[in-house]
Amino acid sequence: FQRRQPGSAFKPFVWLAALEQGARPDDLVLDAPIRVGAWSPSNFDGRFRGEITIESALADSVNTAAVRLEQQAGGPRAVAAVAARLGIADKLPDNPALALGTAEVGVLELAGAYAPFFNGGLRVTPTGLESIETGGRSTPVDHAEPTRVIAADTSAMMLRMMVAVVAFIVLVERGER
């Protein structure tokens, strides 16, 4: 399977790590220039908004907020641990650019790791097979039971923020933002 950089599709793992350290969707995060060592990320649009809610920062995919939240959550290793718990099996680098999705991951892995955001915090293992046919017999593929990997209240906050992402995209497509 090919690996790809997920870019902003990786950011929800950063936000989840921050929520698990006590952040809440209505908390404020600074969207302003930031430097981590010699690295200084910028936002896609080149603008800075000042203090914005964590929810708005995810909806608007704000890079500087992602890096700040990664640092608040304990750094890249903490974010990598969250991603691994949700199903990202690839070894992720201990690098602050991880917050912006610069590590390579498998597409099926990423899709499976997103499932807990939308199903109450339960991890599932994605598979494309229902059964295996051999010698004229059909053997069902054993699917693992879903496992809780996000606390229910935290899962509800993540779902709220992911819905805000979709609402933001709709507004952009309509030209209302």
May I ask you to say which residue of A57, A103, A111 is under 15 Å from the mean Cα position of the chain (by Cα), modelled with pLDDT of 95 or more and assigned to a helix (DSSP H, G or I)?
A57
Could you list, ordered by first residue, the pairs with Cβ atoms under 7 Å in which the first is in the stretch 81-106 and closer than 24 Å to S40 by Cα and the second is of a type in the set (V, I, T) and buried (at least 20 other Cβ atoms within 10 Å of the Cβ), at least 6 apart or interchain?
P96/V67; L98/V79; A99/V14; A99/V67; A99/V79; V105/I88
Among the residues of the stretch 5-54, write down those that are part of a loop (DSSP other than H, G, I, E, B) and on the phi > 0 side of the Ramachandran plot.
G22, G37, G46
In the list A32, A66, A99, which residue meets the criterion of being within 14 Å of M161 (Cβ to Cβ), of a type outside the set (V, I, T) and touching a Lys or Arg at 6+ places or on another chain (Cβ under 9 Å)?
A66
Looking only at the stretch 60-88, count how many residues are touching a helix residue (DSSP H, G or I) at 6+ places or on another chain (Cβ under 6 Å) and either over 14 Å from L30 (Cβ atoms) or in a loop (DSSP other than H, G, I, E, B) (or both).
10
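The values are calculated or read from the model by the stated rules, or taken from the named source; none is laboratory data. Since the structure is predicted, the reported quantities are computational estimates derived from the model, not experimental observations. Quick reminder, even Gly has a Cβ in these numbers, built from the backbone with ideal geometry, and neighbours come from all protein chains shown.
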